[in-house]
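Step one of this worksheet: look at the structure below.
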Amino acid sequence: MADFEKYRILPFIKKENDIKNIDKADWPVLASEIRDFLVRSISETGGHLGSNLGVVELTMALHLSLDLPSDKIIFDVGHQSYTHKILTGRKEGFDNLRRYGGMSGFPKRAESPCDCFNTGHSSTSLSAALGMVKARELAGEKNTIVAVIGDGSLTGGMAYEALDNMSKLESNLIIIVNDNDMSISENVGGMSQYLNDIRTKESYLDLKDSIYLSLAKTKSGEGLAEKIRAIKSGIKQLVIPGMYFENMGITYLGPVNGHDINAMMQAIKEAKRVKKAVIIHAVTKKGKGYGPAENHPARFHGAEPFEIETGIPKNIRTKANYTDVFSTVMCKIAEDNKSVVGITAAMAEGTGFKRFRNKYPDRFFDVGIAEEHAVTFAAGMAVGGFIPVVAIYSSFIQRAYDQILHDVCLQQLPVVFAIDRAGIVGSDGETHQGIFDLSFLSSIPGMTLMAPKNKWELADMLKYAIRLKKPVAIRYPRGTAYDGLQDYRARIETGRAEIIYDEPDKKKGVCLVAVGSMVKTAEAVRDMLKEKGIKVSLINARFVKPFDKETISEAAKNTKVLVTMEENVITGGFGEQVLEELNDRGITHEHFINISIPDRFVEHGNCDILKKVVGIDADTVFKKITDVLK
């Protein structure tokens, strides 16, 4: 249990709205205690630190200005909701933050009535908030609805669809743009530059402040509120180029210092009076109050447990992970092939494209948090004669399903999809588990879909994908790259599996057919079965589409138990495709075991625990096989 006795104010926050009982003079103390608590807690559990340190005062101002849970706050992405969780009585939950059975790192409706909308992906808050406003109108209610969206999330197209839709709104909707010049990496694109221009427009800020000061000195200053607003509007039209939001019919207030609670509360108070959509532009600093996070905001976006004094991770990596392998191989490929370009959606560091960007800046494109655009942009480059490699996490690439189908595969364009974080990813939970890609990508005609068993095979598959000049997706997991089975490196051939061990036994033998990361698990299962004297064959599937129908069908004929193994949901997965093929061929099998993830969402927690819970760990697979052999 966390030690709260060291804090003077924080112990008094036990439930929502308790912050309103705190003396105004103690607000800075509470903000400081929250930051200290966050640093200490996340240094032990890991989690999203930089974004949360940056919104402490902003969140306090919201809770002081609103009445929760009647009023609603929708946090875009939601990784910046830790202060909100503290202020709604969940500080004890930080002991088990993002651990199995513990508190989520994102807003969860099931966790608290103060979490009004589950989030985890970017650019969704404005649509959800507008829907809630329309529901409020139909129900005849009067509550306040606020969306908190980062400037990084404003690079996502869905946000603009919502802005366009709300431009004619005649009911109050408050949007707080948390402008910290960062998403996960440094922001890119026109909106980032636009907000930066506003943020740094000293002539506007100085003029605005001087007018306020002059009016404040007059006897009738309080009666000039409407004139002040008119003057502000005039100043903005004169000084700020474009007036993007105002020209859309959305009232703009700001920029406001997001670390000034009083200024934020005043802005929220003014915004509540507007009978339309209103944007409060709050300027904050990601990582504020903790030096290492301020200096390295990208590193502390999603931090592993770290030493508080230095910010250095407690568990130093000694082996390369799959992202590192991708990074190294991509740079080598690009050196030899000038037509290869790299594309990502605000994830240059996370996907391993940072080295590629530094080495080939003219051939690297970060399109912001816009996965749909990234894919169609890649299609356009492919038409222009280049070979784009699009690196996106599994959980995020599902947002671009239509573009993969319609713009890439339909035209059979040579776009390579490097799908990182495939399978169980752990602590980020339901919204981030990469457990659906095999299913939805397999449904697309013309797609070639692969998964490597180890780091060498990832390198080989990337090189093969570039040569193929067709739509190709390679999915690989989070974490340390498997370095076993180094001697098994058969040439990659389209639709051909790799037989690693061949020990057929029709009467009582077992054949394991594993996809990607599950080859390592299959090896462990094979060792356990061999100790029981059971003959075990092991096939590395390599291809999920097109898969090796002949090799797998022959294996089915020559063993008693056929086991398919994948780190993907059962519905539409590899195992279902294999079973359908066997049925089509009239191959009746005494025992077919489909090892896959059940048809459900998988919560947050340690990867090993989660794999056991969903039944794809070695012990569970071993038990299922031995049960049918009894």
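Read-outs throughout are calculated quantities, based only on the coordinates presented, and are distinct from any laboratory measurement. These figures come from a predicted structure and were not determined experimentally. Quick reminder, even Gly has a Cβ in these numbers, built from the backbone with ideal geometry, and neighbours come from all protein chains shown.
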Semi-axes of the equivalent ellipsoid for the range 498-629, Cα gyration tensor, largest first, Å: 22, 18, 13
Under the span-like rule (Cα at least 24 Å along the axis, Kyte-Doolittle mean at least -0.5), DSSP H helices of the chain: 27-45
Packing rank of 531-543, 55-67, where each peptide gets the mean count of other beta carbons within 10 Å, highest leading: 55-67, 531-543
Surrounding net charge for Gly429, when Lys and Arg each add one and Asp and Glu each subtract one, Cβ distance under 12 Å: -1
Viscosity 1.567 mPa s, 4 °C: Kirkwood-radius Stokes-Einstein D of the range 264-391 over Cα pairs, µm²/s: 72
Bridge type composition, the chain - antiparallel percent by DSSP, nearest 5: 15
Rg followed by Dmax, in Å, when the range 397-483 is reduced to its Cα trace: 13.1, 38
Calculated P(r) tail over 41 Å for the chain, as whole % of Cα pairs: 33
Proximal charge balance of Met330 [Cβ under 13 Å; K/R count +1, D/E count -1]: +3
Sum of -39500 (n - 2.57) over DSSP H runs of 4+, divided by residues of the chain (222 nm, nearest 500): -11000 deg cm²/dmol
Ratio Rg/Rh [Cα only; Rh per Kirkwood] for the range 1-59: 0.95
Cα-based equivalent ellipsoid of the range 322-475: semi-axis lengths in Å, sorted from largest, via gyration tensor: 20, 18, 15
Highest-first arrangement of 170-177, 403-410, where packing means the average Cβ count within 10 Å: 170-177, 403-410
